[in-house]
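**Student:** Submitted below is the structure of interest, expressed as structure tokens.
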Amino acid sequence: MLRSKKIAITGGIAVGKSTVCDLLEQLGGYVIRSDEIVHSILTPKTQAGKQIIELLGEQIILKDRLDRKKIAEIAFEDSSILNSLEKIIHPVVINDINEKISYIAGKYPCIFVEIPLLFEIGQADNFDYVITVASKEANCIKRLAKKGISKREYKQRMLHQINPQVKAQKADFVIENDSSLDELKEEVHKLYGNLLTV
């Protein structure tokens with residue numbers, strides 16, 4: 001049976017991790033996105049959702065979902081709340097990722113898992129390789145501005161992450177995302193080819 005390589009994709013906020021994952025998917029890699037898992041559990045119906053409502057109050061309920069923007073506003077203003085929130089969410093996400101990997105293992109040469117807080121939650125050793133996507137702070141702030149997230153919010157959120165340069169140093173591969181999409185495509189294509197041979 002084919003042995004699937006498990007590869008984590010990480011990096012700071014708005015560096016372009018999702019774009020890199022899209023490109024890897026187009027090349028034939030299987031991609032698991034932790035953000036999608038988080039989205040799936042942020043409802044009042046899941047166990048994690050109920051715990052989050054208990055932690056933050058019913059103000060975070062928006063129709064049949066939990067308001068991610070409201071959750072972020074509350075959590076990033078208070079480290080103790082953020083820590084409690086992460087203790088609810090992270091184990092569920094990791095468990096779901098592991099289940100997905102077990103199910104798909106052997107069917108694809110490379111399984112890519114997008115985990116923004118890979119190093120922060122001590123999961124790097126569970127992967128064969130780690131790719132850090134890096135980008136200049138000014139470019140990250142510009143990308144977030146298009147989503148209505150301010151420079152202040154960016155700075156506030158980055159306080160809770162390992163320095164991007166440290167993430168790059170800890171990785172097996174680094175993708176720089178400060179040029180055009182075509183150049184990014186070329187870099188990702190080259191890296192994917194390397195991963196098939198290592």
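The values are calculated or read from the model by the stated rules, or taken from the named source; none is laboratory data. These numbers come from a predicted model, not from an experiment. Virtual Cβ from ideal backbone geometry, glycine too; neighbours counted across all protein chains shown.
**Student:** Among the residues that make up the range 95-107, is at least one of them of a type in the set (Phe, Trp, Tyr) and in contact with a Leu (Cβ under 8 Å, 6 or more places away or on another chain)?
**Tutor:** The answer is no; no qualifying residue exists.
**Student:** Residues that are part of a loop (DSSP other than H, G, I, E, B), at negative phi and loosely packed, with under 14 Cβ neighbours inside 10 Å: does the range 157-164 have at least one? Can you show your working first?
**Tutor:** Step one: filter the range 157-164 for residues part of a loop (DSSP other than H, G, I, E, B), giving 159-163.
Narrowing further to those that are at negative phi: 159-163.
Pick out the ones that are also loosely packed, with under 14 Cβ neighbours inside 10 Å and you get 159, 163.
Yes, the range 157-164 has at least one match.
**Student:** OK, next. Check off (1) of a type outside the set (Lys, Arg); (2) closer than 25 Å to Leu159 by Cα; (3) out of contact with any helix residue (DSSP H, G or I) (no Cβ under 8 Å at 6 or more places or on another chain) for Leu56 and give me the number that stays unchecked.
**Tutor:** It is condition (3) that Leu56 fails.
**Student:** Next question, about the same structure. Evaluate the following for Ile32: is it of a type outside the set (Ser, Thr, Tyr), assigned to a strand (DSSP E or B) and within 16 Å of the chain's Cα centre (by Cα)?
**Tutor:** Values: of a type outside the set (Ser, Thr, Tyr): yes; assigned to a strand (DSSP E or B): yes; within 16 Å of the chain's Cα centre (by Cα): yes.
When the stated conditions are applied, Ile32 passes them.
**Student:** Collect the residues in the range 2-28 that are in a loop (DSSP other than H, G, I, E, B) and surrounded by fewer than 22 Cβ atoms within 10 Å (Cβ to Cβ), keeping them in residue-number order.
**Tutor:** Start the filter on the range 2-28 by keeping residues that are in a loop (DSSP other than H, G, I, E, B), which leaves 2-4, 12-16, 27-28.
Scanning the range 2-28 gives Leu2, Arg3, Ser4, Ile13, Leu27, Gly28.
**Student:** Can you tell me which of Ile9, Ile13, Ile74 is under 16 Å from the mean Cα position of the chain (by Cα) and either more than 27 Å from Ala138 (Cβ to Cβ) or modelled with pLDDT of 95 or more (or both)? First the steps, then the outcome.
**Tutor:** Numbers: Ile13 fails: either more than 27 Å from Ala138 (Cβ to Cβ) or modelled with pLDDT of 95 or more (or both); Ile74 fails: under 16 Å from the mean Cα position of the chain (by Cα).
Going through Ile9, Ile13, Ile74 in turn, the sole match is Ile9.
**Student:** In the set Val166, Val113, which member is of a type in the set (Val, Ile, Thr) and either closer than 30 Å to Ile52 by Cα or over 17 Å from the mean Cα position of the chain (by Cα) (or both)? Working first, answer last.
**Tutor:** On the way: Val166 fails: either closer than 30 Å to Ile52 by Cα or over 17 Å from the mean Cα position of the chain (by Cα) (or both).
Going through Val166, Val113 in turn, the sole match is Val113.
**Student:** Give the range 64-89 a look and list any residue that's farther than 16 Å from Gly148 by Cα, touching a helix residue (DSSP H, G or I) at 6+ places or on another chain (Cβ under 8 Å) and part of a helix (DSSP H, G or I), or say none.
**Tutor:** Ile74, Ala75, Ile81, Leu82, Ser84, Leu85, Ile88, Ile89, listed by residue number.
**Student:** Taking the stated definitions as given, is Leu196 modelled with pLDDT under 95, under 17 Å from the mean Cα position of the chain (by Cα) and exposed (fewer than 14 other Cβ atoms within 10 Å of the Cβ)? Walk me through how you get there before you give the answer.
**Tutor:** Numbers: modelled with pLDDT under 95: yes; under 17 Å from the mean Cα position of the chain (by Cα): no; exposed (fewer than 14 other Cβ atoms within 10 Å of the Cβ): yes.
So Leu196 does not fit the description; no.
**Student:** Return the residue satisfying two criteria in turn: it lies in the range 39-63 and is closer than 20 Å to Pro91 by Cα and outside any helix (DSSP H, G or I), and of such residues it is nearest to the chain's Cα centre (by Cα). Break it down stepwise before answering.
**Tutor:** Filtering the range 39-63 down to residues closer than 20 Å to Pro91 by Cα leaves 39-56.
Then keep just the ones that are outside any helix (DSSP H, G or I); that gives 42-46.
Details: Leu42: 16, Thr43: 19, Pro44: 23, Lys45: 23, Thr46: 21 Å.
Top of the filtered list is Leu42.
**Student:** Take the conditions among the charged types (D, E, K, R), assigned to a helix (DSSP H, G or I) and more than 25 Å from Ile60 (Cα to Cα) and apply them to Asp125. Does it pass?
**Tutor:** Working: among the charged types (D, E, K, R): yes; assigned to a helix (DSSP H, G or I): yes; more than 25 Å from Ile60 (Cα to Cα): yes.
Spelling it out, Asp125 is indeed among the charged types (D, E, K, R), assigned to a helix (DSSP H, G or I) and more than 25 Å from Ile60 (Cα to Cα).
**Student:** If we keep just the residues of the range 80-139 that are surrounded by 15 or more Cβ atoms within 10 Å (Cβ to Cβ) and of a type in the set (Gly, Ala, Ser), which is farthest from Met158 (Cα to Cα)?
**Tutor:** Within the range 80-139, the match that is farthest from Met158 (Cα to Cα) is Ala105.
**Student:** Determine which member of the set Lys107, Lys167, Lys185 is within 28 Å of Arg3 (Cα to Cα), touching a residue at least 24 places away in the same chain (Cβ under 8 Å) and in a loop (DSSP other than H, G, I, E, B). First the steps, then the outcome.
**Tutor:** Numbers: Lys167 fails: in a loop (DSSP other than H, G, I, E, B); Lys185 fails: in a loop (DSSP other than H, G, I, E, B).
So the residue among Lys107, Lys167, Lys185 that is within 28 Å of Arg3 (Cα to Cα), touching a residue at least 24 places away in the same chain (Cβ under 8 Å) and in a loop (DSSP other than H, G, I, E, B) is Lys107.
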